[in-house]
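In what follows, a single structure is set out as structure tokens and then discussed.
The values are calculated or read from the model by the stated rules, or taken from the named source; none is laboratory data. Model, not experiment: these values are computed from the prediction. So basically every Cβ, Gly included, is an ideal-geometry build from the backbone, and we count neighbours across all protein chains shown. Please note that ligands, DNA and RNA were not included when accessible areas were found on the heavy atoms of the full protein model with its side chains. Shrake-Rupley method; radii C 1.70, N 1.55, O 1.52, S 1.80 Å.
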Amino acid sequence: MLSLKDLFDASGPTYLTYVNWNCPHHQRSVMASLVQGVYVLERDRQWNRQGPDARAPAWWRFFHFELRQVLVDAADGSIFGAVYAFQPPFHLLDPTAAASAPHHVVAFRGTITKKGSAKRDLELDLQLVRNGLEGKSRFRVAMHAIHDTVAAAAGAGQQRRRVWLAGHSLGSAIATLAAKTLARASAAALPTFLFNAPFLSAPVERIGDRRVRQGVRVASSFVTAGVAAVLERGGGGGARDASFAALAAWVPNLFVNPADPISAEYVGYFDHRRKMEAIGAGAVGRLATRNSVRDLLLGIGKGGGGCEPLHLFPSTVLTVNRGPSPDFKTAHGIHQWWRPDLALECTAHYY
């Protein structure tokens, strides 16, 4: 059966006939559409939709992108990512706005709970919880594609920042890990768009009472900072802190929905950092900011004073969808991010 959500003409941002690449709303809508293109690529594969029956191409062609590479997970043959190249039309209404467009976009989808890919996707979701995504073949394929794309852009005399990354849910985790790896290895801070990225923590944001929620966060910060301080005495803390600070120049665009239990904690995480500074506990807050008790304990005995939490990063431009979301699928879905009537709240957080 064909879902209307796979049809660009039925559910895509067809209103966006002109893209101003200096406009955050346009950037967000196009990046979300390219991620959706990866979802539909995989569903085209599962349903054997080829040639004129394929539904995926409309999701990138509408914005003048072409598909350069399909990223396939060798474990199950599923499509999890794509490399797109921007091919602007010859006659542009505003060449200046188009000059800010990416030359390439590497996009990753999230979990598909269908027979053709569910087993592998859910396995990787579990590895994400265990902080084991880096060792998996899907991430290695993704990293290789990004390296090749960045190298090709540099070889063509293009700026590395003209290579953008985008992902949704599990795909956001892959994009995050890749962007962090590149930022540390080569100081290449690639523009990154993370939609409904997983935040692996207790759902404090779901506590209804604001004062109770704040109290839990303050107490948690002191506990986390205390555990981190104890483990730092055993060595490795300084290197871990320097590694976290090295990411400060990487400022991803993070898109979350408070009704989404998978990503909602980012709202409180960044807001709480400001509150800790305001009450004079900035040092504790900064130590807690770069650590999580779960990952610190997972790393005991592995050297380095603990595992680095994938979901924590120093800086971001956080966009929160404050509009109504009737159910989990709506709150966590990629489709919300190209709607023109969103009630958005945007704040920048710098480490």
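Residue under question is A283, and the condition is that it be open to solvent by 30 Å² or more (accessible area, probe 1.4 Å), modelled with pLDDT of 60 or more, small (G, A, S) and at negative phi; does it hold?
Details: open to solvent by 30 Å² or more (accessible area, probe 1.4 Å): yes; modelled with pLDDT of 60 or more: no; small (G, A, S): yes; at negative phi: yes.
No.
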Residue list for the range 21-48, filter: farther than 24 Å from R68 by Cβ, touching a helix residue (DSSP H, G or I) at 6+ places or on another chain (Cβ under 6 Å) and open to solvent by less than 40 Å² (accessible area, probe 1.4 Å): none
Failed item, numbered, when W59 is tested on (1) within 20 Å of T113 (Cα to Cα); (2) open to solvent by less than 60 Å² (accessible area, probe 1.4 Å): (1)
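Name the one entry in G157, G116 that is at pLDDT below 90 and at positive phi.
Numbers: G116 fails: at positive phi.
Unique residue meeting the criteria: G157.
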Positions within the range 160-172 being closer than 12 Å to V105 by Cα and either modelled with pLDDT of 95 or more or open to solvent by less than 20 Å² (accessible area, probe 1.4 Å) (or both), in sequence order: V163, W164, L165, A166, G167
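State yes or no: is E265 modelled with pLDDT under 80 and of a type in the set (D, E)? Reasoning before the result, please.
Values: modelled with pLDDT under 80: no; of a type in the set (D, E): yes.
The answer is no for E265.
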Residue match in the range 174-188 (condition: of a type outside the set (F, W, Y), open to solvent by less than 20 Å² (accessible area, probe 1.4 Å), touching a residue at least 24 places away in the same chain (Cβ under 8 Å) and outside any helix (DSSP H, G or I)): yes
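Let's see how each residue does on (1) open to solvent by 70 Å² or more (accessible area, probe 1.4 Å); (2) under 23 Å from V150 (Cα atoms); (3) in a strand (DSSP E or B):
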| position | (1), (2), (3) |
| --- | --- |
| V19 | no, no, no |
| R55 | yes, no, no |
| G81 | no, yes, yes |
| P102 | no, yes, no |
Residues of the range 58-77 that turn out to be assigned to a loop (DSSP other than H, G, I, E, B) and more than 20 Å from the chain's Cα centre (by Cα), as a count: 7
Criterion (within 23 Å of L310 (Cβ to Cβ) and either touching a helix residue (DSSP H, G or I) at 6+ places or on another chain (Cβ under 6 Å) or at pLDDT below 95 (or both)) met by exactly one of A82, A56: A82
